[in-house]
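Following: one structure in structure tokens, then a few remarks.
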Amino acid sequence: MEIINKKLFLWISLLALLGGGMNAFAILQFSLTASHITGSVTRISTDLAYSNIPQLKIMLGLVSSFFSGAIVSGIMIGSGRDFEFRKRYGDTFIFIGILLKVIDIYFYNKMIFVFILAFSLGLQNGLFIRYKGMVIRTTHMTGTVTDLGVVIGHYLRGNREIVWKMKYYAINILSFITGGLLVGLGLKYCGRNVLNYMSLAYILSGIYYFLLRDRYYKTKR
């Protein structure tokens, strides 16, 4: 079972890498963040204050798209807050991979593109993943950085049994940063072709999940 847990965390780290890459793409191509909804909600307030209607529409579109993705995630996964090896997790990431390819073909450099990115990240973020009691999110790092800080505080107070949590939170953050770095370099040297790699990576993450799921159920027999 420990091998399954390690492979599961590898999959989670891959999702964080992809989440970081998606958000980096939105920032570099549209100067917008597709997953950081706190900033978008704040911009709605300031745009209202200054009557910046064009920017207000964009912010409302981003928040609504992310929110819609979360709703679809809830429909697909169903009730229950504990992670289980359900088939729909793999289906979701294969769907996102295909969706990226579709918007690359039909909507590249159009504003609807970043809205669909936000929808995809809302869908991904809505997948509640609990790893060894830790709640893992893979599209933004606010909660993860907070959790790492709290765990370090506990360690400084003398709790030496949580070093493994520090390691896993740190790896998750580094994975997110690496995703942004790879997409940044990809845009710099490959241009829009980086979307083909992102699409393929999402599809492969779904396939990897199905292989891991199959192995998990074989160990349960």
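Below, the figures for the structure above:
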item	result
Failed criterion for E161 (all others in (1) at pLDDT below 90; (2) open to solvent by less than 60 Å² (accessible area, probe 1.4 Å) hold)	(2)
Residue match in segment 1-21 (condition: part of a loop (DSSP other than H, G, I, E, B), open to solvent by 80 Å² or more (accessible area, probe 1.4 Å) and without any contact (Cβ under 8 Å) to a residue 12 or more places away in the chain)	no
Segment 169-213: number of residues that are of a type in the set (S, T, Y) and either open to solvent by 30 Å² or more (accessible area, probe 1.4 Å) or not in a helix (DSSP H, G or I) (or both)	4
Residue match in segment 38-48 (condition: in a helix (DSSP H, G or I), open to solvent by 80 Å² or more (accessible area, probe 1.4 Å) and modelled with pLDDT of 95 or more)	yes
Among the candidates L14, L60, L28, L18, residue that is at pLDDT 90 or above and farther than 21 Å from N196 by Cα	L60
Any chance I75 is closer than 30 Å to L211 by Cα, free of Cβ contacts under 8 Å to residues at least 12 places away in the same chain and open to solvent by 40 Å² or more (accessible area, probe 1.4 Å)	yes
Unmet criterion (only one of (1) modelled with pLDDT of 90 or more; (2) exposed (fewer than 14 other Cβ atoms within 10 Å of the Cβ); (3) among the charged types (D, E, K, R)) for D147	(2)
Within segment 49-72, tally of residues that are open to solvent by 40 Å² or more (accessible area, probe 1.4 Å) and of a type in the set (F, W, Y)	2
Qualifying residue in segment 151-167 (condition: polar (S, T, N, Q) and in contact (Cβ under 8 Å) with a residue 40 or more places away in the chain)	no
Residues of segment 127-143 satisfying the condition of being out of contact with any helix residue (DSSP H, G or I) (no Cβ under 8 Å at 6 or more places or on another chain), open to solvent by 40 Å² or more (accessible area, probe 1.4 Å) and not in a loop (DSSP other than H, G, I, E, B)	R130
Hey, H154 open to solvent by 30 Å² or more (accessible area, probe 1.4 Å) and over 23 Å from S40 (Cα atoms) or not	yes
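Residues are listed down the side, and each one gets a yes or a no for (1) without any contact (Cβ under 8 Å) to a residue 60 or more places away in the chain; (2) among the small types (G, A, S); (3) in a loop (DSSP other than H, G, I, E, B); (4) under 21 Å from M59 (Cα atoms):
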| residue | (1), (2), (3), (4) |
| --- | --- |
| I94 | no, no, no, no |
| G97 | no, yes, no, no |
| N109 | no, no, yes, yes |
| F113 | no, no, no, yes |
| L117 | no, no, no, yes |
| S120 | no, yes, no, yes |
| V145 | yes, no, no, no |
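Let's see how each residue does on (1) within 25 Å of N5 (Cβ to Cβ); (2) open to solvent by 60 Å² or more (accessible area, probe 1.4 Å):
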| site | (1), (2) |
| --- | --- |
| K87 | yes, yes |
| I94 | yes, no |
| V114 | no, no |
| L117 | no, no |
| L121 | no, no |
| N125 | yes, no |
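The values are calculated or read from the model by the stated rules, or taken from the named source; none is laboratory data. Note that the structure is predicted; figures quoted are calculated from it, not measured. Using ideal geometry, Cβ is built from the backbone for each residue, glycine included, and neighbour counts are taken over all protein chains shown. In case anyone asks, the SASA skips ligands and DNA or RNA and just uses the protein heavy atoms, side chains included. Shrake-Rupley method; radii C 1.70, N 1.55, O 1.52, S 1.80 Å.
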